[in-house]
Amino acid sequence: VTAALQQGLVARAIVTGDVAEIASRLPRDVKAQVDLRDASAATQCADLAVAAVQAGEGDILMKGHVDSTSYLRAVVNRDTGLRKSGVLSNVTVAEMPSYPKLIAATDNGIIPAPDLDQKRQIVLNTLPLFCGLGIDPVRVAAVAATEKVSEALPATVDAQRLAQESREGKLPGFIVDGPFGYDVAVSHAAARAKKLEDSPVAGQSDLLLFPTIEAANAVAKSWKYHGAAETGSLVLGAKVPVLLNSRSDTVARRINALLLALGYCQGADTVC
């Protein structure tokens, strides 16, 4: 919060928690921009923060040192939460030396094994973000274990259906193709080797849509640990962008997520 205020990324912050402890850690130059609200438990911290957003006092929700369960429970509460689309999904955006542009992975944090309808909404949830990033159209690779469609591999069937919907213009703003192995999704050479170079997505994906949370999570983390990637993550599908940072995340990674949230806000204004 201090870094975001000092860098001029946000004008004001509401922070819930142990007011005395938080106040003791705030530098003097930002104290006037921080509204502290006392809360003792993680659930109360989350509830108060969500309530502030509901009241129009905040444009972005950021997770601090509270557990994810308490945080997300407040977000999805049917009576007081921030759910908007019916499907919440997580996306991680990466910038790394081995890929010529930004690349994103979804859903790597919310839905364990999305069905076809959920996958469709997961893609649609990202539109304001990519709009804010200036990416249009968004090239989406539906990732699976193989490029061959087989009833034995439901991910390939879902990929084929989404690709067909995209060709029919049912997913405006997106070009979806697949099923693709990870190699075809990100490598022109792999696409040529498998005779898929005519695809408008193969080798130049902006967004990788994974069939399971395990696959998406593992790939997103491999970008960070093996790809020298700068990353940021958001939860989409709520009334405002929701930052679901790990409590071990660095300040830099939290700032990356905040930058994505700011882009999302700009994109949402354009889309709406």
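The values are calculated or read from the model by the stated rules, or taken from the named source; none is laboratory data. As the structure is a prediction and not an experimental result, all values here were calculated from the model. Every residue, glycine as well, gets a Cβ built from its backbone with ideal geometry; the counts of neighbours run over all protein chains shown. Remember, those area values only see protein heavy atoms, side chains included, never the ligands or the DNA or RNA. Shrake-Rupley method; radii C 1.70, N 1.55, O 1.52, S 1.80 Å.
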What do you reckon, is V157 surrounded by 15 or more Cβ atoms within 10 Å (Cβ to Cβ), in contact with a helix residue (DSSP H, G or I) (Cβ under 9 Å, 6 or more places away or on another chain) and of a type in the set (V, I, T)?
yes
Is there a residue being within 21 Å of the chain's Cα centre (by Cα) and farther than 15 Å from D107 by Cβ anywhere in the range 183-191? yes
(message) Residue under question is A142, and the condition is that it be in contact with a strand residue (DSSP E or B) (Cβ under 6 Å, 6 or more places away or on another chain) and at pLDDT 95 or above; does it hold?
(response) yes
For this session: With the condition kept exactly as written, say whether any residue in the range 74-93 is closer than 23 Å to P172 by Cβ and either touching a Cys at 6+ places or on another chain (Cβ under 7 Å) or aromatic (F, W, Y) (or both).
Result: no
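Can you name every residue in the range 83-96 that is within 22 Å of G267 (Cβ to Cβ), surrounded by fewer than 20 Cβ atoms within 10 Å (Cβ to Cβ) and at pLDDT 95 or above? Let's see the steps before the verdict.
The first filter runs over the range 83-96 and keeps only residues within 22 Å of G267 (Cβ to Cβ), leaving 83-95.
From the residues that got through so far, the ones that are surrounded by fewer than 20 Cβ atoms within 10 Å (Cβ to Cβ) too are 83-86, 95.
Hit for the range 83-96 is E95, nothing else.
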Counting only residues in the range 57-69 that are at pLDDT below 95 and exposed (fewer than 13 other Cβ atoms within 10 Å of the Cβ), the one nearest to the chain's Cα centre (by Cα) is identified as T69
Query raised in the report: Scanning for something buried (at least 18 other Cβ atoms within 10 Å of the Cβ), in contact with a Phe, Trp or Tyr (Cβ under 8 Å, 6 or more places away or on another chain) and in a helix (DSSP H, G or I), does the range 201-222 turn up at least one residue?
Result: yes
K239 meets each of (1) more than 16 Å from the chain's Cα centre (by Cα); (2) open to solvent by 70 Å² or more (accessible area, probe 1.4 Å) with one exception, condition (1)
Contact list, first residue from the range 1-30 and within 22 Å of T43 (Cα to Cα), second anywhere and open to solvent by 50 Å² or more (accessible area, probe 1.4 Å) and in a helix (DSSP H, G or I), beta-carbon distance below 6 Å, six or more apart or interchain, is T16/L48
Filtering the range 23-41 down to residues that are open to solvent by less than 60 Å² (accessible area, probe 1.4 Å) and assigned to a loop (DSSP other than H, G, I, E, B) yields L26, P27, A39, A41
Listed by first then second residue, the pairs whose first member lies in the range 248-260 and is under 18 Å from F130 (Cα atoms), whose partner is of a type in the set (S, T, Y), with beta carbons under 6 Å and at least 6 positions apart or on separate chains, are A257/S233
Inside the range 97-118, the number of residues satisfying the requirement of being open to solvent by 10 Å² or more (accessible area, probe 1.4 Å) and either hydroxyl-bearing (S, T, Y) or touching a strand residue (DSSP E or B) at 6+ places or on another chain (Cβ under 7 Å) (or both) is 7
